[in-house]
Amino acid sequence: MTGIRSALPNPASLVESSTHRFLIFDAPNDDNLPLYINELKKYNVSHLVRACDPTYSTEPLQAIGIQVHDMPFADGGSPPDAVVNNWIKILGESYKKDSKETIGIHCVAGLGRAPVLVAIALIEGGMNPLQAVEYIRERRRGSINIKQIQYLKNYKSKKKSSCRIITTFKQQYIVRDKMSTTRAIPVSLKDRSDIDFSTSLGGTLYGTTPGGTKIVYDRNALLQYRNSPLSKTPPPQLAHITNTELNKKVENKSTTTPTTTTPPTTTAKPKPTNDDGKYN
């Protein structure tokens, strides 16, 4: 699902984490702002973050109790530390133990800067960066460019995190401790025939044997074992066998009757004929 039913020209996308809900959309203007306000009310948005330059007045939003936060940064780029710190502060202030606050967030098109900030929130909640990108893209297709993905891969969480469970709609993403090398991520294939699941963003390969057994080639494991002696061709510490010796062994195995060997013959030495030991 890339969007939700909406009266907006470009439908908004709802992304849910373990602590918050995020409504991602494009930038409104003063003319269509009432449509966006109806959508914000529908999802009980309490905070609105603008990751781009202002294109509308904030007075109608403030009048209905929505706090507007301006945190612009370069289009297609990554947020500076000041923006990240302010974003995490908003996450902390809006956190409620018994209920999830909905934070509205937008940039110009709602495909770059806004999704990046939502990805940071997911990472802070314990999700792997590449999993966060895939998770957001499932709900808002085309989000986050290559440069921003690289930034998220190198992003370091601002707080220590342990095992967390992130519940999303009817799916449950179990994220183990950060030191773990594996993570169990249930994936729903319904209505996702347009996606190639053979390779993940991190480079993990997925294959199927002729018998139907599914095989996962983890990229980290492949890189770890690429220098293993057993991965060399031919493997080291293997006795050198020439082609001639191999052919002889094959011929010996194919022989059905055993071969007999004739003992070597010796020639008898003639005996002397007289007492002097001389020959005739």
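The values are calculated or read from the model by the stated rules, or taken from the named source; none is laboratory data. Model, not experiment: these values are computed from the prediction. Cβ placement follows ideal geometry from the backbone for every residue including glycine, while neighbour counts extend to all protein chains displayed. Side chains are part of the model used for accessible areas, which takes the heavy atoms of the whole protein and leaves out ligands, DNA and RNA. Shrake-Rupley method; radii C 1.70, N 1.55, O 1.52, S 1.80 Å.
Percent of Cα-Cα pairs more than 16 Å apart in the range 59-100, please. The partial results should precede the final answer.
Details: 468 of 861 pairs.
Of all Cα-Cα pairs in the range 59-100, 54 percent lie more than 16 Å apart.
Which pairs break 24 Å Cα to Cα here: LYS89/LYS153; LYS96/LYS158; LYS41/LYS100; LYS41/LYS156? Mind dumping the intermediate values first?
Values: LYS89/LYS153 22 Å; LYS96/LYS158 19 Å; LYS41/LYS100 15 Å; LYS41/LYS156 34 Å.
Going by Cα-Cα distance, LYS41/LYS156 fall outside the 24 Å limit.
Can you tally the net charge around VAL108? Count Lys and Arg as +1, Asp and Glu as -1, for every other residue whose Cβ sits under 11 Å from the Cβ of VAL108. Present the calculation step by step, with values, prior to reporting the outcome.
Values: positive: ARG50, ARG113; negative: ASP26, ASP53, ASP75.
Computed value for this residue: -1.
Tell me the chymotrypsin sites (Phe, Trp or Tyr not before Pro) within the range 2-111 that lie in a loop according to DSSP and have at most 13 other beta-carbon atoms within 10 Å.
Details: sites: PHE22, PHE25, TYR36, TYR43, TYR56, PHE73, TRP87, TYR95; in loops: TYR43, TYR56, PHE73, TYR95.
Qualifying residues, ordered by number: TYR95.
Sum up the charges of everything whose Cβ sits under 11 Å from the Cβ of ARG21, counting Lys and Arg as +1 and Asp and Glu as -1, but leave ARG21 out.
My count for the surroundings of ARG21 gives -1.
First obtain the Kirkwood hydrodynamic radius of the range 88-159 from its Cα pairs, then insert it into the Stokes-Einstein equation at 20 °C and 1.002 mPa s, and state the resulting D in µm² per second as a whole number. Spell out each step's value before the answer.
Working: Rh = 12.7 Å.
So the translational diffusion coefficient is about 168 µm²/s.
For the range 1-151, what proportion of DSSP beta bridges, expressed in % and rounded to the nearest 5, is antiparallel?
In the range 1-151, DSSP labels about 20 percent of beta bridges as antiparallel.
Hey, what do the phi angles of the range 21-30 turn into as Karplus ³J(HN,Hα) couplings, whole Hz, using 6.51/-1.76/1.60 and θ = phi - 60°, x for Gly and Pro?
Coupling constants for the range 21-30: 10, 10, 10, 9, 8, 8, 6, x, 10, 5 Hz.
Quick check on the range 1-158: what does the Kirkwood estimate of hydrodynamic radius come out to from the alpha carbon pairs, in Å?
Working: mean 1/r = 0.0648 Å⁻¹.
That comes to 15.4 Å for the range 1-158.
What nm distance separates the two modelled labels at LEU223 and ALA109, each placed 7 Å from Cα along Cα→Cβ?
3.0
Per the 1.4 Å probe, what fraction of the accessible area of the range 86-135, in percent, lies on carbon and sulfur atoms?
Details: 870 of 1670 Å².
Whole-percent figure for carbon plus sulfur exposure: 52.
Per the Cauchy relation, a quarter of the hull surface: what is the mean projected area of the convex hull of the alpha carbons in the range 1-81, in nm²?
On the way: hull surface 24.9 nm².
That works out to 6.2 nm², a quarter of the Cα hull's surface.
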